[in-house]
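This report refers to the structure that appears directly beneath it.
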Amino acid sequence: MSFLHDYVYYIGAFGLVAVGLLILLVKRNLIKLIIGLSILDTGVNMLLISVGYITGGTAPIFSRPGLSEGGMVDPVPQALVLTAIVIGVAILALALGLAVRFYKNCGTLDLRTAKELKW
Amino acid sequence: MRLAVGLILLAVIGVGIAVSLGGIPFGAPKTVIGDHYVDSARDDTGATNVVTSVVVGYRAFDTLGEVTVLFVAALGLGAVLAAAGGGGGRSGVEPASLILRVGNAFLFPLILLFGAYIFSHGHLTPGGGFQGGAIIASAFLLVYLSSPGKRISATRARATESLSGLVFVVVGLLGLTLGAHNFLANFLPKGVPNTLFSAGIIPVVYCAIGLKVGSELAGVVDGLMEETG
Amino acid sequence: MIIVVSLLVLAMLAAAVAALVYRDLLSAVIASCLVSLLASILFLFLQAPDVAMAEASIGAALVTAIFVITIRRTKRYEE
């Protein structure tokens with residue numbers, strides 16, 4: 001039980017990274033690869049936030065006048081992950097635009113059969 | 001065969017990650033700068049949301065870089081799709097159902113108001129420019145779903161996006177001349193904490209970012225939709 | 001509390017494996033939307049409300065919408 005207390009978030013983050021990498025290594029359809037990229041991105045963000053967690057801490061917002069500064073979680077990984085989520089969606093939008101263009105040019109989304117066609 | 005090679009590679013990477021993660025204790029305080037930001041955020045910037053004061057106050061230059069990356073990605077998407085032309089011959093656009101049409105007429109101004117509330121209160125409650133901008137883009141997605149064949153004016157979306165980005169850079173340059181002579185330094189009064197008009201330049205910058213991200217993501221959705229809806 | 005978190009992590013991993021296995025691309029996209037939603041709830045358990053709001057509004061709503069628009073413009077099944 002104490003193993004679960006310590007490592008359940010790490011197992012979740014690493015599991016998402018593993019499934020995302022497996023999709024990128026094994027699958028051939030272009031849109032399935034982009035779905036795998038999105039899952040990989042979510043896994044890495046989960047890993048960053050779970051590293052910055054302090055046991056017994058609370059969210060870093062002084063919402064009530066009586067909150068003290070001790071006992072808050074680290075705010076720096078949260079700021080970095082906010083940036084990373086927005087950049088992830090920008091990359092996904094550009095990748096999907098390129099996939100649409102690829103389909104219009106080569107007529108198929110399969111990466112192995114489209115290797116012989118010129119693009 | 002491919003699956004076997006993939007699983008072996010994944011096992012090797014997994015052992016590496018597990019060995020390096022096993023040395024990081026979960027839940028112990030790890031950095032010194034996190035405590036420094038939490039202790040001095042209220043005095044330095046006047047905002048009560050410490051994550052906002054890190055994103056727009058202490059590390060504002062990184063946020064400028066992120067806004068630039070988003071802008072370049074939207075620009076690249078427009079350039080790639082303009083050459084692709086219209087999509088594949090779907091004829092006959094049927095109108096949307098009654099629930100979507102009536103719901104859109106009722107919900108569109110409420111969703112815009114909610115998004116504006118979130119990005120204007122970014123320094124007091126959880127929220128901020130990026131979350132509010134995404135909610136505004138969802139409102140425009142609802143318009144696209146409920147009225148097929150209707151497009152928002154691309155000129156106005158581009159104008160809003162460019163003007164908001166310009167406001168962010170101009171605020172930074174004003175900090176160079178008026179404030180502490182650094183780029184993006186604070187030059188407006190800090191005010192009373194936990195009120196709306198406080199925290200210096202943070203509400204101004206977050207309003208600009210919220211409008212910019214909202215019109216940008218709406219333009220991305222507009223570019224991917226084909227001509228016949 | 002730890003039981004709830006473990007069940008949520010298990011459901012998130014099951015949805016990710018479902019996105020790997022399904023051949024219908026529309027079902028795979030809905031599975032990836034479920035991964036994003038459960039990750040947003042886990043961010044709340046890790047005391048990060050800003051990140052949870054960003055992941056829910058950007059990851060679960062807009063990314064799924066632009067995936068569905070793109071699939072409508074290309075093929076739906078994987079082969």
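Go through (1) within 26 Å of residue B:70 (Cα to Cα); (2) surrounded by fewer than 21 Cβ atoms within 10 Å (Cβ to Cβ); (3) among the aliphatic types (A, V, I, L, M) one by one and return the number of the condition residue C:1 breaks.
Failed condition: (1).
Working carefully through the options A:82, A:92, find the one that is in a helix (DSSP H, G or I) and free of Cβ contacts under 8 Å to residues at least 24 places away in the same chain.
A:82 is the lone residue from the list that is in a helix (DSSP H, G or I) and free of Cβ contacts under 8 Å to residues at least 24 places away in the same chain.
With respect to residue C:3, determine if the residue is farther than 20 Å from residue B:224 by Cβ, more than 17 Å from the chain's Cα centre (by Cα) and assigned to a helix (DSSP H, G or I).
The answer is yes for residue C:3.
Rundown of residues vs (1) within 22 Å of residue A:63 (Cα to Cα); (2) surrounded by fewer than 19 Cβ atoms within 10 Å (Cβ to Cβ), yes/no style:
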{"residue": "C:30", "(1), (2)": "no, yes"}
{"residue": "C:40", "(1), (2)": "yes, no"}
{"residue": "C:52", "(1), (2)": "yes, no"}
{"residue": "C:63", "(1), (2)": "no, no"}
{"residue": "C:66", "(1), (2)": "no, no"}
{"residue": "C:75", "(1), (2)": "no, yes"}
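Within segment C:17-41, which residues are at the interface with another protein chain (Cβ under 7 Å from one of its Cβ atoms) and closer than 18 Å to residue C:4 by Cα?
Narrowing segment C:17-41 to residues at the interface with another protein chain (Cβ under 7 Å from one of its Cβ atoms): C:17, C:19-20, C:25, C:28-29, C:32, C:35-36, C:39.
C:35, C:36, C:39, listed by residue number.
Looking only at segment A:103-119, which residues are out of contact with any Asp or Glu (no Cβ under 9 Å at 6 or more places or on another chain) and either facing another protein chain (nearest Cβ under 9 Å) or basic (Lys, Arg) (or both)? Show your work before the answer.
The initial filter retains those residues of segment A:103-119 that are out of contact with any Asp or Glu (no Cβ under 9 Å at 6 or more places or on another chain), namely A:103-108, A:111-119.
Across segment A:103-119, the qualifying residues are A:103, A:104, A:105, A:108, A:112, A:115, A:118.
Considering (1) more than 10 Å from chain B (Cβ to nearest Cβ); (2) buried (at least 17 other Cβ atoms within 10 Å of the Cβ); (3) at pLDDT 85 or above, say which one residue A:93 fails and leave the rest.
(1)
Is segment A:49-57 home to any residue that is among the aromatic types (Phe, Trp, Tyr) and either in a helix (DSSP H, G or I) or in contact with a Phe, Trp or Tyr (Cβ under 8 Å, 6 or more places away or on another chain) (or both)?
Yes, because at least one residue in segment A:49-57 is among the aromatic types (Phe, Trp, Tyr) and either in a helix (DSSP H, G or I) or in contact with a Phe, Trp or Tyr (Cβ under 8 Å, 6 or more places away or on another chain) (or both).
Just to be sure, is residue A:42 under 30 Å from residue C:71 (Cα atoms) and modelled with pLDDT under 95?
Details: under 30 Å from residue C:71 (Cα atoms): yes; modelled with pLDDT under 95: no.
No, not satisfied.
Among the residues of segment A:35-52, count how many are β-branched (Val, Ile, Thr), more than 9 Å from chain B (Cβ to nearest Cβ) and surrounded by fewer than 23 Cβ atoms within 10 Å (Cβ to Cβ).
Qualifying residue count for the region: 1.
Identify all residues within segment C:49-79 that are in a helix (DSSP H, G or I), more than 8 Å from chain B (Cβ to nearest Cβ) and within 16 Å of residue A:102 (Cα to Cα); write none if there are none.
Correct list: C:67, C:71, C:72.
Which of the residues belonging to segment A:81-90 are surrounded by fewer than 19 Cβ atoms within 10 Å (Cβ to Cβ) and more than 7 Å from every other protein chain (Cβ to nearest Cβ)?
A:84
Which one of B:179, B:219, B:210, B:214 is at pLDDT below 90 and either over 30 Å from residue C:59 (Cα atoms) or not β-branched (Val, Ile, Thr) (or both)?
On the way: B:219 fails: at pLDDT below 90; B:210 fails: at pLDDT below 90; B:214 fails: at pLDDT below 90.
Sole residue among the options that is at pLDDT below 90 and either over 30 Å from residue C:59 (Cα atoms) or not β-branched (Val, Ile, Thr) (or both): B:179.
The values are calculated or read from the model by the stated rules, or taken from the named source; none is laboratory data. Treat the numbers as computed from the prediction; the structure is a model and nothing was measured. Every residue, glycine as well, gets a Cβ built from its backbone with ideal geometry; the counts of neighbours run over all protein chains shown.
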